[in-house]
Each structure stands twice: as structure tokens, then as C-alpha cells.
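Only one structure is covered here, and it is reproduced in the block below.
Every number in this text was worked out from the coordinates using simple rules, so none of it is lab data. This is a predicted model, so every value here is computed, not measured. With ideal geometry, Cβ positions are generated from the backbone for all residues, glycine too; neighbour counts draw on all protein chains shown.
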């Protein structure tokens with residue numbers, strides 16, 4: 001049966017967890033085939049942002065931090081949550097300033113992706129910023145413990161090649177960067 | 001303070017949801033700075049797989065399906081869960097056969113990434129398979145409603161360029177494919 005897939009119908013919906021950092025919804029859904037699936041879970045999050053931040057001499061401003069899901073320390077793009085009512089670009093600029101102290105530059109939307117379209121309802125707005133400058137000190141939240149790393153393009157490429165960039169929401173825009181650079 | 005970030009200490013841990021498709025753990029954690037954070041949520045999943053499956057004439061075997069988190073129909077790589085005790089490569093071959101009917105070919109591990117290292121504990125093993133062939137019929141689960149799409153390289157590249165590949169766990173290996181092809 002190779003017709004186009006259709007939307008599911010939601011028969012019931014309830015929140016099973018509603019905490020500041022975890023909102024989980026259970027939907028009872030009916031597929032176009034008629035099959036009823038009693039518990040399909042969707043995780044609700046605000047939209048997120050991240051940024052490939054490049055200095056005038058082409059270095060990448062990145063952040064190193066402990067990530068408790070995988071239980072390791074990773075070097076990543078600067079990233080964060082969009083606050084209620086905030087523009088995605090403003091959120092990305094704010095996060096970069098807070099986490100690294102770098103500001104300014106020419107910003108461009110790079111891609112808009114999802115961590116998982118089947119289980120999460122939010123999007124991540126990825127930017128690229130050319131010519132950012134160190135103008136401020138870090139201002140971190142009490143739960144943040146972030147070391148700034150300024151890497152050469154070659155170092156970032158090696159990180160990708162060696163599969164050290166685990167976060168797919170960051171690996172995708174970085175591999176796109178190198179695909180377009182090489183293209 | 002630009003020292004290296006350290007692991008957090010887990011002071012308490014409890015499961016708040018434990019269902020077949022959603023396992024959520026609450027950890028009370030202490031940062032190296034001494035700050036105690038009473039509720040840090042980790043979502044536990046089995047490891048996942050996906051595959052860039054290429055036919056002998058260089059076309060991409062992909063699948064189109066409804067994704068309830070974002071509420072839309074998307075064309076994606078073939079993907080799925082590793083079953084308990086199953087080898088990741090075997091899982092990827094099984095998922096490709098079940099979802100598309102394509103089998104065989106030369107398989108290579110392409111990258112290992114995470115949907116979100118801060119909130120999820122699992123990895124996704126991405127493969128590339130050259131020379132797969134249509135040898136079987138689809139065998140779908142009752143909750144699956146999947147249309148096979150066999151696309152040219154140009155169609156896949158356009159999909160990426162137009163930001164239609166929303167799933168970051170698939171956008172990353174596909175952009176890597178084009179980065180290495182162009183490199």
C-alpha cells in the first residue's frame with residue numbers, strides 16, 4: 001500500500017508530567033488504517049537556538065560542558081532556549097553573549113531542525129554569525145559550568161571526523177557548513 | 001573561571017514514568033560548583049539506528065511517514081530501535097528490510113550521534129549501505145504507515161537545502177555525505 005501517509009487523529013490527550021524542564025503529554029491516537037494506539041508520548045519544549053559563531057580570523061567560538069544525559073564532557077556550539085515572546089535570533093545572540101561573552105557580527109539563519117519529529121514538538125533555529133568579538137564577560141546561570149573554547153576550522157573538522165560532536169542538532173549545521181564550503 | 005567542566009554528582013535518582021515508549025528519570029544532582037539542582041530529567045531510550053541506503057544506480061531509499069511530535073508528514077532515512085541484545089548493524093539491516101523491502105549491499109558505520117546529550121541517554125548508530133536491492137515486501141508494525149520513496153541524489157540535496165529534512169539525527173549523516181562527496 002504505497003499511498004501517502006496521513007495525519008493521525010487524537011482521540012484523547014492528557015499531561016502526565018508538567019515540570020519546568022519536562023512536559024510530557026500522552027495522546028490516544030487513531031491511525032488512518034483504523035488502528036488505535038492508546039499511549040503515544042510527546043515531549044513539549046520551547047523552541048531552541050544554536051549558533052556557529054565565527055571570529056574575524058575564521059575561528060569557531062564553542063563551549064565545553066558536562067552533559068548529564070550521556071554523562072560526559074563535550075565541546076559544542078553555543079545553544080539555549082528561546083524565552084517566551086523572544087525572537088529566535090535575539091535568543092541566539094543573548095545565549096552567545098551570556099555563555100561566551102562574544103557579541104556583534106553578521107548573523108544569518110542557517111537551518112531549522114528537530115531533535116526528533118516523532119516525540120518532540122519543538123524546533124531548533126540554527127544560525128551562523130561571522131565576525132563576532134569578545135566584548136563581555138560570561139554571565140552564567142547557577143546550573144551552568146561552561147568553558148569557552150575557540151577552535152580553528154581544522155580542529156572543528158577533525159572533531160566532526162572523529163565523531164566527537166555527539167549532539168545531532170549541532171553536527172547537522174556544522175556538516176552543512178563544510179558541505180557548502182567544499183561545494 | 002575557565003577550568004575544565006567536571007561530572008555532576010547524583011544525590012538521588014527515581015523513575016517518574018516507566019512505560020514501553022517513555023522512561024523518564026529524575027536525578028537530584030550536585031554541580032562541581034556545589035550548587036544542588038533538585039530535578040534534572042533524563043529520558044532513557046534504547047539505542048537507535050538509521051541508514052543512508054543507496055541503490056546500485058546511486059538512488060536513496062527513503063521512507064515517508066507521519067510524525068506526531070511535529071504533526072506533519074516527512075520523508076526520512078529508514079530508522080528504528082535496536083532490540084535487546086541485537087547488534088546495531090543487524091538492527092539497521094532489519095529495519096531497512098522491514099520498512100522498505102531493500103536488503104543486501106555493502107554496509108559501513110557512518111557516525112554515532114545523540115538526539116540530545118543533556119536530556120537523553122541513548123546513541124544513534126548511523127550507517128551507509130551501497131548497492132541495496134529490492135528483494136522483499138514491506139513488513140510493518142500495526143502502528144507504522146510508511147511509503148517508500150526512492151530519490152535521486154539531486155532530490156535529496158534539494159530536500160536538505162530547502163530545510164525539509166527536519167530530523168537532525170538524519171540531517172547530520174546526510175550533510176556529512178555531501179561534505180565528503182564535495183571534499
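Remarks
- Principal-axis analysis of the Cα atoms of chain A puts helix A:88-100 at an angle of about 50° to the longest axis.
- q = 0.13, 0.26 Å⁻¹, the stretch B:106-161: log10 I(q)/I(0) [Debye, one scatterer per Cα]: -0.60, -1.09
- Label geometry 7 Å along the beta-carbon vector: residue B:108 inter-copy distances in nm: 3.0
- Cα centroid separation, the stretch A:84-99 to the stretch A:6-65: 20 Å.
- Nearest-0.05 FRET efficiency for residue A:137 and residue B:30, computed from C-beta distance (R0 22 Å): 0.30
- Other-copy label distances relative to residue B:161, 7 angstrom Cα-Cβ extension, nm: 2.7
- Under the simplified labelling scheme, the residue B:164-residue B:81 pair shows an inter-label distance of 3.0 nm, with each label point 7 Å from Cα along Cα→Cβ.
- The calculated 222 nm mean residue ellipticity attributable to helices in chain A amounts to -6500 deg cm²/dmol, summing -39500 (n - 2.57) over DSSP H runs of n ≥ 4 and dividing by all residues.
- Helix A:168-182 vs. chain A, principal-axis angle (Cα, 0 to 90°, nearest 10): 60
- For residue B:10, inter-copy separations between label points set 7 Å beyond Cα along the Cβ vector come to 3.2 nm, shortest first.
- Stokes-Einstein D (µm²/s) once Rh is taken as the Kirkwood radius of the protein assembly as shown over alpha-carbon pairs, at 20 °C in 1.002 mPa s: 100
- The Stokes-Einstein estimate for the stretch A:48-182, based on a Kirkwood radius over Cα pairs and taken at 25 °C with 0.890 mPa s viscosity, is a diffusion coefficient of 163 µm²/s.
- Here the Kirkwood formula puts the hydrodynamic radius of the stretch B:1-51 at 12.9 Å, using every distinct Cα pair.
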